[in-house]
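Nothing in this text is a laboratory measurement; each read-out follows from the coordinates by a stated rule. Being a predicted model, the structure only gives us computed values, none of them experimental. Using ideal geometry, Cβ is built from the backbone for each residue, glycine included, and neighbour counts are taken over all protein chains shown.
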Amino acid sequence: MTESEVDWPGVREQVLGLRAAPFREKVFGAERGFGHEFQLEPPLSEAEVTAAEEELGISFPSAYRTFLLEVGAGGAGPHYGLFVLRHDERGWHWADEYGHRTDNALLDRPFPSVEERARWEAEYDAREPDRESFPDERSYLAAFRDWDDEWDTLSAEMTAGAIPLSHQGCGGYTWLVVTGPERDTLWSVSRANEYPTEPLSAGANRVNFRDWYLSWLTKAAFQAHGGAPGGRRLRPVVAGASGSSRLARWFGR
């Protein structure tokens with residue numbers, strides 16, 4: 001399916017209908033008072049989506065763009081739901097489940113390859129200050145803090161060209177690539193663990209936004225109406241990308 005062929009007939013109604021399903025709270029991330037509760041934000045208008053694209057300096061992948069127009073600006077979805085695309089006095093941004101804003105400064109840059117990310121992190125690790133090279137603890141700690149602060153910039157560069165769409169829990173996030181050869185693919189990225197940055201896959205194929213969302217909806221509807229969890233699962237492809245235990249500050253406060 002090409003990007004131009006994607007639409008979402010009946011999806012908004014199906015998602016909202018799950019609010020009345022008898023086992024709706026059995027669906028991960030949908031819990032009352034904590035999860036998305038199968039609520040959706042209103043869809044955006046064509047003028048709003050175009051304004052967001054112009055301000056952000058990108059074009060959204062077609063499936064995500066039509067989702068914003070036909071289904072909603074965010075809300076119910078995989079894991080703890082989709083972050084909401086919204087506009088305020090500071091401009092267009094995505095807000096996570098806590099209301100934290102995304103940093104969109106690098107959206108127009110191509111999403112880096114697995115090899116680029118691995119090289120950048122290896123070079124960063126090689127620059128870690130060696131205690132033996134400093135005359136005292138104070139000078140070593142000052143150098144270490146400067147080096148550690150570099151991680152904020154590097155971690156942002158590692159997800160350039162992508163937007164965080166969903167919180168998986170336990171520091172993991174799903175990102176949608178919007179710029180570069182990996183456009184319209186989804187990646188699992190960890191904030192705080194040693195898990196590598198990996199593309200989501202179904203078999204040998206990368207997962208795009210449309211398939212990711214509809215796969216979730218099929219499983220969610222099954223579980224919400226009493227079906228047991230199971231069926232085909234999206235899983236990360238081990239692609240050799242490196243991870244880090246250092247926390248990346250992806251959201252502004």
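Taking the Cβ of residue 226 as the center, what net charge do the other residues with Cβ under 11 Å away carry, scoring Lys and Arg +1 and Asp and Glu -1? Taking every other residue near residue 226 into account, the sum is +2.
Here are several values of Rg and Dmax of the Cα atoms in Å: (i) 19.9, 72; (ii) 19.7, 68; (iii) 21.0, 66. Which one was derived from the coordinates shown? Given (i) 19.9, 72; (ii) 19.7, 68; (iii) 21.0, 66, the calculated one carries the label (ii). Note on residue 214 and residue 89: the extension gain reaches 41.7 nm, defined as 0.36 nm multiplied by sequence separation minus the Cα-Cα distance.
Label positions at residue 53 and residue 106, each projected 7 Å from the Cα along the C-beta direction, are separated by 2.4 nm. In this rough spin-label picture, where each label sits 7 Å from Cα along the Cβ direction, the residue 127-residue 225 distance is 5.5 nm. Given a 10 angstrom Cα cut-off, can you work out which residue in 135, 42, 181 is the most mobile in a GNM of the chain? Answer for the Gaussian network model of the chain: 135. Protection proxy ranking of 105-118, 75-88, by the mean of other Cβ atoms within 10 Å over each peptide's residues and highest first, is 75-88, 105-118. Dipole size of the chain about its Cα centre, with +1 on Lys/Arg Cβ and -1 on Asp/Glu Cβ: approximately 1160 debye, rounded to the nearest 20. Its DSSP H runs of at least 4 residues, each contributing -39,500 (n - 2.57), put the calculated 222 nm mean residue ellipticity of the chain at -10000 deg cm²/dmol, to the nearest 500. Comparing 67, 23, 209 in a Gaussian network model of the chain (Cα springs below 10 Å), the most mobile by mean-square fluctuation is 23.
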